[in-house]
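K.L.:
Right, I'll just put the structure down here and ask away after.
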Amino acid sequence: MKTKKPMAWSALAFAAALSLVACGDQEAGETAQPEAVETLEQDTTETVGQETSETVYERKTHDSEETATFTHVGDKILQQHGVYVTTYEAFGFAGPEEAQEVLDPRIAELNAIDEYEHTIDYGETHITEEIIANYAAMDPADVVKLPGMDELDTTEDAEFYSLEETAAGLETSGYIKVE
């Protein structure tokens, strides 16, 4: 029997760590729209020939807009694409210079992880972050290095990241499934 790993990150860690800033030219009040991203090729025999689906979750607050798109086969998450737009104030930064000084070294470390991409755009009033994580191909020892993911079960008997369990945690944190 296969066991699953819930992506049990906290809402703050999820938004702060897995966020991409894409609002440099965004006007106040506009909604951040994730860019179209090609699904990464999967090299796992379990999912070959099975149809993939996408499930999208959003959360909007007075100082952030967050979108997480999960590519999955059934309950097994293969990939995540996230776009997170957050004010500097919400992160505790005075502005773009301070944010860049603190975040750029950490983002460089994260981008050294195979199958993971993290970019940040430092806008005038907001940070826009984008992440793409190919969990199906990523080493579990690397997944736990990602922000908010350090409590994941990476034991050998936990074979995949569960959309169902992840969704429950997201919904508890105020995310809404986009139909």
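Derivation of every value follows stated rules applied to the coordinates shown; laboratory data play no part. In this text the structure is predicted, and so the values were computed from the model without any measurement. Positions of Cβ are generated from backbone atoms using ideal geometry, with glycine treated the same way; all protein chains shown enter the neighbour counts.
K.L.:
With an 8 Å cut-off on Cα pairs and a minimum separation of 6 or more residues, tell me the relative contact order of the range 53-179 in percent.
P.N.:
Averaging sequence separation for qualifying contacts and normalising by length gives 28 percent for the range 53-179.
K.L.:
Measuring from label point to label point, each 7 Å out along Cα→Cβ, what is the residue 90 to residue 55 span in nm?
P.N.:
Label-label distance for residue 90 and residue 55, simple model: 2.3 nm.
K.L.:
For residue 168 and residue 137, calculate 0.36 nm times their separation in residues minus their Cα-Cα distance, and state this gained length in nm to one decimal.
P.N.:
Separation in residues times 0.36 nm, less the Cα-Cα distance, equals 8.8 nm.
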